[in-house]
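Before I ask anything, here is the structure I am working with.
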Amino acid sequence: MDFSSKLLENAVSEVAQLPGIGKRTALRLVLHMLRQPKEQTLALSNALLAMRNEIKFCKSCNNISDGELCEICSNVNRNEQIVCVVEDVRDVMAIENTGSFKGLYHVLGGKISPMDGIGPHDLNIEPLVAKVKSGLVKELIFALSSTMEGDTTNFYVYKQIQDCEVTISTIARGISVGDELEYADEITLGRSILNRVPFESSLKL
């Protein structure tokens, strides 16, 4: 792709690094921004810089937050005795959009994947285990994607807490095997949360 401007080429190259964005789409987006008032482009760049420099991770659940605690953890109307374990922030958003869950979350930050060099200690698992062992959590819901990596992560956490007095459940398999939570429709995902099953029974499938 030939560019008449090095500045344009650099901008396109940076935008093209975003997931799902190819060079042609990146060029279309950059040219669109170039046609907009300068103030609009500056607002976008300032918003991205502010997000990158100022965003925090909730000290309780590891969700993205503007403060020490995210809005979910600081909401007194949430049931702190029920914790839903998810892979990342996108899963929190997906479940919240269903309106079916009123407990808290724990974001692991990924899944155990030896092929990718990701082990248990690379994830936010130890704080979750400590939270359960404290006795504050009465039910833990596994809501990781139904992939080999997701099932491996579920089982690892289960082995760490199986002797604790906590109910361990997993979302119903309304989500197809191999599917990621963020791509499930809200009705299916909501029903999977409401119709969750004991984790032990899922081990026998």
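The values are calculated or read from the model by the stated rules, or taken from the named source; none is laboratory data. Predicted, not measured: the structure shown is a model, and the values here were computed from it. Cβ coordinates were reconstructed from backbone atoms using ideal geometry, including for glycine residues, and neighbour counts include every protein chain displayed.
How many of the residues making up the range 51-90 are hydroxyl-bearing (Ser, Thr, Tyr) and buried (at least 18 other Cβ atoms within 10 Å of the Cβ)?
Selection size over the range 51-90: 2.
Please name all residue pairs, on different chains or six or more residues apart, with Cβ atoms under 6 Å, provided the first residue is in the range 77-90 and is within 9 Å of residue 140 (Cα to Cα) and the second residue is aliphatic (A, V, I, L, M).
Listed pairs, sorted by first residue: 83/104; 83/137; 83/140; 84/141; 84/143.
Scan the range 91-124 for residues that are among the basic types (Lys, Arg) and free of Cβ contacts under 8 Å to residues at least 40 places away in the same chain and jot them down.
Of the residues in the range 91-124, the ones among the basic types (Lys, Arg) are 102, 111.
If the condition is that a residue be among the basic types (Lys, Arg) and free of Cβ contacts under 8 Å to residues at least 40 places away in the same chain, then 102 is the only one that fits.
Now a separate question. Hey, does the range 22-32 have a residue that's under 30 Å from residue 137 (Cα atoms) and polar (S, T, N, Q)?
To start, the set of residues in the range 22-32 that are under 30 Å from residue 137 (Cα atoms) comprises none.
Checking the range 22-32: not a single residue is under 30 Å from residue 137 (Cα atoms) and polar (S, T, N, Q).
Identify all residues within the range 46-102 that are part of a loop (DSSP other than H, G, I, E, B) and among the basic types (Lys, Arg); write none if there are none. Outline the logic, then answer.
Step one: list which residues in the range 46-102 are part of a loop (DSSP other than H, G, I, E, B), which gives 55, 58-63, 66-78, 87-88, 97-102.
Within the range 46-102, 59, 78, 102 meet the criteria.
Now for a separate question. Between 144, 128, which is outside any strand (DSSP E or B), closer than 29 Å to residue 56 by Cα and modelled with pLDDT of 95 or more?
Numbers: 144 fails: modelled with pLDDT of 95 or more.
It is 128.
Residue pairs, Cβ under 7 Å, 6 or more apart or interchain, first in the range 1-19 and of a type in the set (Val, Ile, Thr), second assigned to a loop (DSSP other than H, G, I, E, B). List them.
15/21
Can I ask one more? If you scan the range 20-45, which residues turn out to be under 22 Å from residue 64 (Cβ atoms) and either in a helix (DSSP H, G or I) or in contact (Cβ under 8 Å) with a residue 60 or more places away in the chain (or both)? Lay out the reasoning, then the answer.
Taking the range 20-45 first, the residues under 22 Å from residue 64 (Cβ atoms) are 20-21, 43-45.
Residues satisfying the conditions are 43, 44, 45.
Residues of the range 91-120 being aliphatic (A, V, I, L, M) and surrounded by 19 or more Cβ atoms within 10 Å (Cβ to Cβ), which ones?
Filtering the range 91-120 down to residues aliphatic (A, V, I, L, M) leaves 92-95, 104, 107-108, 112, 115, 118.
Matches in the range 91-120: 92, 94, 95, 104, 107, 108, 112.
Further question on the same structure: Of the residues 91, 116, which single one is among the acidic types (Asp, Glu), more than 12 Å from the chain's Cα centre (by Cα) and modelled with pLDDT under 95? Break it down into steps so the answer makes sense when it comes.
Values: 91 fails: more than 12 Å from the chain's Cα centre (by Cα).
None of the other options fit; the residue is 116.
From the set of residues in the range 103-125 that are of a type in the set (Gly, Ala, Ser) and either touching a strand residue (DSSP E or B) at 6+ places or on another chain (Cβ under 7 Å) or in a loop (DSSP other than H, G, I, E, B) (or both), which is nearest to residue 193 (Cα to Cα)? Don't jump to the end; show me each part of the working.
So the first thing to find is which residues in the range 103-125 are of a type in the set (Gly, Ala, Ser), and the list is 103, 109-110, 113, 117, 119.
Next, only the ones that are either touching a strand residue (DSSP E or B) at 6+ places or on another chain (Cβ under 7 Å) or in a loop (DSSP other than H, G, I, E, B) (or both) stay: 103, 109-110, 117, 119.
Working: 103: 11, 109: 20, 110: 20, 117: 30, 119: 27 Å.
Only one residue fits best here, namely 103.
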